[in-house]
């Protein structure tokens, strides 16, 4: 073999020199191709994963590594860095393709890559928990350990600038970014990640063409444009999320000095995907919403500072929805910020417009406050991590780093402090906002709706250096059961707000605010029903946060109707009440009103059948709260505060009326003053001033009444000097009172009054001139409330021969006295006159016995004729008086209450039937409809009698009662005991009503009552029988009261 090789070598040496050179070159090139194309890739594919695994502390895999020695092209396929548990990849890509531009590098003398392609890269990032960090934390720790020693040994080199290099084409295609946040459960996945960066040149500049500024001022030649395109570093980044949301970024940049400009676009980004990051912090939940954003940007780094700016920015939120408790709480269909720009050199942010449309809010206001506040307040978290403070001295590198991070220029620091950023919002608008609040703090649940609410402002600056012009319009509505079709009030206002000085001024217009919707808030305090009324106001205001507030304008309340809770009758009403020329000043504690004009005012005072007035219990009693001692500041404020000054130029009344009704009397009494017209002028709280009163009207439309004089109820010691005149008032109109309290009805008579009252320095002086013309008494009323005075004798004493009673009565009193009242003073004066004229016989008899009781009226329990202990005591007193007055004789007439006594007799009949039907030996004590037993023989007897006498079914009656209770309480479920009790009471009452009570039975009861009185007087008190007479109680049966009437006659 060796001779053959030797022979070949000898032959090779004899070949021409050129052939030998070509042969040497061919062998070298073949060796190069063999080494770079086969050996190096094999060694790299074998050793690189090991080196990277050792460096990263993770398993690194490479499926294939190949090098094309002829094209200088390197391809890496199937690269992956595994997760710590080796179950899936942390980072991977399908292919990395890099080709070196050898000849271009040689010709341009600049290192150049022909292309660099990364295909289907994938990265999976996960935040494990609060303490473990991310899934790549261990890689950073490993790299830090490996680089620690090398960093200490490596000498620091001064940077001389960025070296020149080029890459003709850089592309990242079909990339995937997957992020898991395990503590919050968030998962973000972005696929379709594409990056294009053609013609990367480290020395290229971006000054030739700027995407932010329009280059239309000067034409650019094609040669210049071609050259610019070759030197510009254009980039394009595009990312598509799993929700089809897209983020794109394109522009150009230069590396040294760093500069970049371009456009950022975020389109159709689903916000709910990011909500898990905040979900554990807030109770509310974002369930829907999209975001769009776009802007042009520019940034550059100079030797002095880093500058950046944006322009043509646009931000948009679409269909944003927050839920709580599976119910929507906030809906925002559209929010947009237009033409956003930012400049770091000028430190200015400009926003042309912020527009919000159709915002919808649903909130609950209860004793815990507004629920939205708790829903959107971050939950408090107690951090378990503690801050570790190092006590070791800082190293030289630490000092260098600290020094390098500090700004050596004091000017820069001063500029930052002296010129803060300014944000300028040119216009703000919020249209068709719908605010719904279910108020449960004071009421049992009132739904308030403010819709539509529209607010717009002009320019708003973040430094608040200029007042903000605003325009506000809203309508308000409220309901408890069903929503009204129309709004119940509207408000509009235009003006200025100085947020820096905290001052407010503007015009306000309140239109037809329905006062009825505030009824729920009056119920805890007032016994009235505000049925209707509309408040309107128009004027201007000025206010601040220091307690200053003024209002100038007018107001009115129209169609007011307030009913009492006693009889559901009108208490106050009017067609219109207007207040003109209002001047209100809170700081000066003053209010001036030009005119208060009442049009058709009406008021009514009413006494019901239980003798309760409709005004006596208007104000509800409030639970007492423990009084706390006032602080010193409160005491000083109270001492220094002055009373509110009131100045009303005039109060006018047109077609007014006031009525008085007494339903406690039979027959009922009603009267009123109508056609009331006049005025009260110059009413003021200024001491020394007096208001003139001039009012005229008619009682029952025919009897004139006038009120003239001067008053001032607003000063510390009220002043009064009034003349009240009534002329020719028919006394027959007061028959209910004369029958009830005088004991006689009036057949004829007229009353005229001339009253003058003066009140000054809290001393009342009054003159009452009373004229009663042609008084004639009619039939006696036999009223239990009648006076015991013999009025016939009194009239005969007081009445002159012309049939006129003329009395002049003077009254006086001290209003500071604890027991003072105008009524008691006036009535006391008249009572003294009558007492001097005549003495009541029965009052005399009671006085002789040492008592002041009415002895002429003996009461009985309903259905009974036996005397009670209290009535026996009265008869005992009367017997003593008769014994002292032997010439007096007593007459007795029995009486019954047609309704009450009949019912008592009927109830006794029913109880006898129940006792017989049940077979019991006796009935329960005090058996009534309200305490009827729930079960037992009596219940069975009641049901049998009910079905037998009334021919009704017990089950049908039970259904009827059940429906009534459900309608009253508004609930389907009712208590069984309540139903049972109501059923028994209903059957019992119906059976009582069904019993027949004959008039003879009532007459016998009346006669028996008269006999029991005489028997007691004769048998027990030993009154002579011939002095006591029993009158006929049956023929002319009195059915007004369950009693007996006693009368005295002289022999």
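The values are calculated or read from the model by the stated rules, or taken from the named source; none is laboratory data. Note that this is a predicted model, so its numbers are computed, not measured. Positions of Cβ are backbone-derived with ideal geometry, glycine not excepted, and every protein chain shown enters the neighbour counts.
Descriptive notes on the structure:
- The residues of segment 430-479 that are surrounded by 15 or more Cβ atoms within 10 Å (Cβ to Cβ), touching a helix residue (DSSP H, G or I) at 6+ places or on another chain (Cβ under 7 Å) and either farther than 19 Å from residue 535 by Cβ or in the same structural domain as residue 515 (by TED's automatic domain parsing) (or both) amount to a single one, 443.
- Unmet requirement for residue 782, which otherwise passes all of (1) part of a strand (DSSP E or B); (2) at positive phi; (3) not assigned by TED's automatic domain parsing to the domain that holds residue 594: (1)
- Only one entry of 62, 43 meets the criterion of being within 30 Å of residue 92 (Cβ to Cβ), out of contact with any helix residue (DSSP H, G or I) (no Cβ under 8 Å at 6 or more places or on another chain) and modelled with pLDDT of 80 or more, and that entry is 43.
- Meets criteria (surrounded by fewer than 17 Cβ atoms within 10 Å (Cβ to Cβ) and at pLDDT below 95) for residue 633: yes
- Residue in segment 516-532 that is part of a strand (DSSP E or B), touching a strand residue (DSSP E or B) at 6+ places or on another chain (Cβ under 7 Å) and on the phi > 0 side of the Ramachandran plot present: no
- Restricting the first member to segment 289-310 and to residues that are at positive phi and without any contact (Cβ under 8 Å) to a residue 40 or more places away in the chain, and the second to residues that are part of a strand (DSSP E or B) and surrounded by 16 or more Cβ atoms within 10 Å (Cβ to Cβ), no beta-carbon pair is closer than 8 Å while six or more apart or on different chains.
- Any hit, segment 562-573, residues being in the same structural domain as residue 649 (by TED's automatic domain parsing), touching a residue at least 40 places away in the same chain (Cβ under 8 Å) and within 18 Å of residue 512 (Cβ to Cβ): no
- The combined condition, being farther than 30 Å from residue 780 by Cβ and either in a strand (DSSP E or B) or in contact (Cβ under 8 Å) with a residue 40 or more places away in the chain (or both), is not fulfilled by residue 727.
- Residue 122 being surrounded by 15 or more Cβ atoms within 10 Å (Cβ to Cβ), closer than 20 Å to residue 197 by Cα and within 54 Å of the chain's Cα centre (by Cα): yes
- Residue, nearest to residue 660 (Cα to Cα), within segment 696-724, restricted to residues that are outside any strand (DSSP E or B) and touching a strand residue (DSSP E or B) at 6+ places or on another chain (Cβ under 7 Å): 700
- Residue within segment 1008-1021 that is assigned to a loop (DSSP other than H, G, I, E, B) and outside the structural domain of residue 959 (by TED's automatic domain parsing) present: yes
- Among the residues of segment 731-744, not a single one is in a strand (DSSP E or B) and surrounded by fewer than 19 Cβ atoms within 10 Å (Cβ to Cβ).
- Test: residue in segment 548-566 that is out of contact with any strand residue (DSSP E or B) (no Cβ under 8 Å at 6 or more places or on another chain), surrounded by fewer than 16 Cβ atoms within 10 Å (Cβ to Cβ) and on the phi < 0 side of the Ramachandran plot: no
- Per this entry, residue 671 is counted among residues that are in contact with a helix residue (DSSP H, G or I) (Cβ under 7 Å, 6 or more places away or on another chain) and either outside any strand (DSSP E or B) or touching a residue at least 40 places away in the same chain (Cβ under 8 Å) (or both).
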